[in-house]
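To start, the structure itself, in structure tokens.
The values are calculated or read from the model by the stated rules, or taken from the named source; none is laboratory data. No experiment lies behind these values; they were computed from the predicted model shown. Cβ sites come from the backbone with ideal geometry, for glycine too, and all protein chains shown count toward neighbours. In case anyone asks, the SASA skips ligands and DNA or RNA and just uses the protein heavy atoms, side chains included. Shrake-Rupley method; radii C 1.70, N 1.55, O 1.52, S 1.80 Å.
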Amino acid sequence: MPSLKDLRNRIASVKATQKITKAMQMVAAAKLRRAQAAAEAARPYAERMEQVLANLAGGVTGSSAPKLIAGTGADKVHLLVVCTAERGLCGAFNSSIARLARDKALALKAEGKTVKIICVGKKGYDILRRQFSADIIEVVDLRGFKQVGFVNAEAIAQNILARFNAGEFDVATLFFSKFRSVISQIPTAQQIIPAQIEAGTAKSESVYDYEPDETEILETLLPRNLTVQVLRAILENAASEQGARMSAMDSATRNAGEMIKKQTQLYNRSRQAMITKELIEIISGAEAL
Amino acid sequence: MATFKFELVSPESILFSGEVNSVIVPAVEGEMTVLAGHAPVVATLKPGILVLIKTDASNGKEFFVSGGIVEINPTGMTILAEQAKFIEDVDTAVLDQEILTAETRLAAAPEDESEQRRLHDQLVQLKEFRAVFEERRAN
């Protein structure tokens, strides 16, 4: 049976924790709004880009198609680009992305293929390095940037492209968490090289004039598309992270509240028991006289 | 005068969306003015100034675009800009920064000849535009 002082200390400590989680929840809520706005602002660009690409790619035939669409023809070396958060305390956010990537990596290895991993974000690296320390070829750290933007995405995309041009891998897949709502973030794997373009989505039948010619436009557009996809992944991830943190901290705050309630009850009960005990002692002492 | 739907989209936001009479675009192979009912075209852009012509108060609004792609189809016109800003927000420091990144990128470019040529063209275009911009400033 803990003493009254122990109980008091315990309640005070849970209260302090609750204050922290409450503050974190509110900070996450504020950041979420900004991250969500950024993610939504980036969507139209990605969508239009897809449309234009679909229109263009429909016109480019098999052998003349650039490598970024057609692939290298091989399927041996896979690059996994795993985007996670830089910070923890956001529920299952980081681990669910890492798990998806790990499952994929293990499946590929079981098929006898080579796996290379680029980690964007420290947390994913922390999880994956236990199992795949030999396969991780690079870790991109975004901690120093307050607002992650186009520049960061471009740097990552350039890095991936350089490796692709050097023939370091055949297929690249991007792992991130799609933001659906505050309580629902979906870990997603998206193949970025060779680019997956649904030619069927080309809605206009009009024949375009190209200036300069088609292949040249595709050559400038495809690397940019890669950047846009990476940017989208990062922005969606940022929104998801804040959403996950918000709901994780919300439930932590609630749990702390419940614990405080239980402990307070226990505290009151033992205090009452002590008072009753003392009263009985006094009365029985008085009766004995 | 007939209008058409025009959208200027940068990776971070939609800068403009609405009906316009015509748009002057800095395409790679020369500036072009687009009116309603233009034939479908896809073209790449070079660094330059984009001018909107409209009938209402915001007529003549100008944007700086650092490159990108323009798509014109029967339903309207879309510009996917690499980077776009209101012209008032641009100064030579911004351009110098752009030139610097282009230079470092060219220096780090792979052996691939077409890639080098593309980056080199971009750098030249940026420098050209900087000269034009300064001249404009001076007047």
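Summary table
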{"read-out": "Simple label model, 7 Å out from Cα along Cβ direction - A:Val151 to B:Asp121, nm", "value": "2.7 nm"}
{"read-out": "Angle between chain A longest axis and helix A:4-59 axis [Cα atoms, degrees, rounded to 10]", "value": "10 degrees"}
{"read-out": "Selected from A:Ser284, A:Ala35, A:Val228, residue furthest toward positive end of dipole (chain A; charges at beta carbon)", "value": "A:Ser284"}
{"read-out": "Only Lys, Arg (+1) and Asp, Glu (-1) charged, at Cβ; chain B dipole about Cα centre in debye", "value": "360 debye"}
{"read-out": "Straight-distance crosslink candidates among aspartates and glutamates, where the alpha carbon sits under 20 Å from A:Lys113 and sequence neighbours closer than 8 are dropped", "value": "A:Asp75, A:Asp103, A:Asp135, A:Glu138, A:Glu168, A:Asp170"}
{"read-out": "For A:214-222, mean number of other protein chain Cβ atoms within 10 Å", "value": "3"}
{"read-out": "Cross-link pairs A:Lys22/A:Lys262; B:Lys85/B:Lys127; A:Lys116/A:Lys146; A:Lys178/B:Lys46; A:Lys19/A:Lys262 - those with Cα-Cα distance over 26 Å", "value": "A:Lys116/A:Lys146; A:Lys178/B:Lys46"}
{"read-out": "Gyration tensor over alpha-carbon atoms, the protein assembly as shown, equivalent ellipsoid semi-axes in Å", "value": "56, 28, 19"}
{"read-out": "Intensity falloff of the stretch A:142-194 expressed as log10 I(q)/I(0), Debye formula with alpha-carbon point scatterers, at q = 0.15, 0.22, 0.24 Å⁻¹", "value": "-0.59, -0.99, -1.04"}
{"read-out": "C-alpha long axis of helix A:122-132 to longest principal axis of chain A, angle in °", "value": "80 degrees"}
{"read-out": "Rounded to 5, the percent of DSSP beta bridges in the protein assembly as shown classed as antiparallel", "value": "65 percent"}
{"read-out": "Chains B and A together, accessible area buried on both sides, 1.4 angstrom probe, square angstrom", "value": "2400 Å²"}
{"read-out": "Given charges at beta-carbon only (K, R positive; D, E negative), |dipole| of chain A in Debye", "value": "1980 debye"}
{"read-out": "Ranked by how many other beta carbons lie within 10 Å on average, peptides B:96-105, A:153-162 from highest", "value": "A:153-162, B:96-105"}
{"read-out": "At q = 0.10, 0.20, 0.22 Å⁻¹, base-10 log of I(q)/I(0) for chain B (Debye sum, equal scatterers on each alpha carbon)", "value": "-0.35, -1.22, -1.38"}
{"read-out": "Calculated FRET efficiency for the pair B:Ala131/A:Asp126, C-beta based, R₀ 60 Å, to 0.05", "value": "0.75"}
{"read-out": "Relative contact order (%) - the stretch B:1-103, alpha-carbon pairs under 8 angstrom, separation at least six", "value": "25 percent"}
{"read-out": "Using alpha-carbon coordinates, inclination of helix A:214-288 to the longest axis of chain A, degrees", "value": "10 degrees"}
{"read-out": "Unit charges at the beta carbon, dipole of the stretch A:154-257: most positive-side option, A:Met249, A:Gln196, A:Phe169", "value": "A:Met249"}
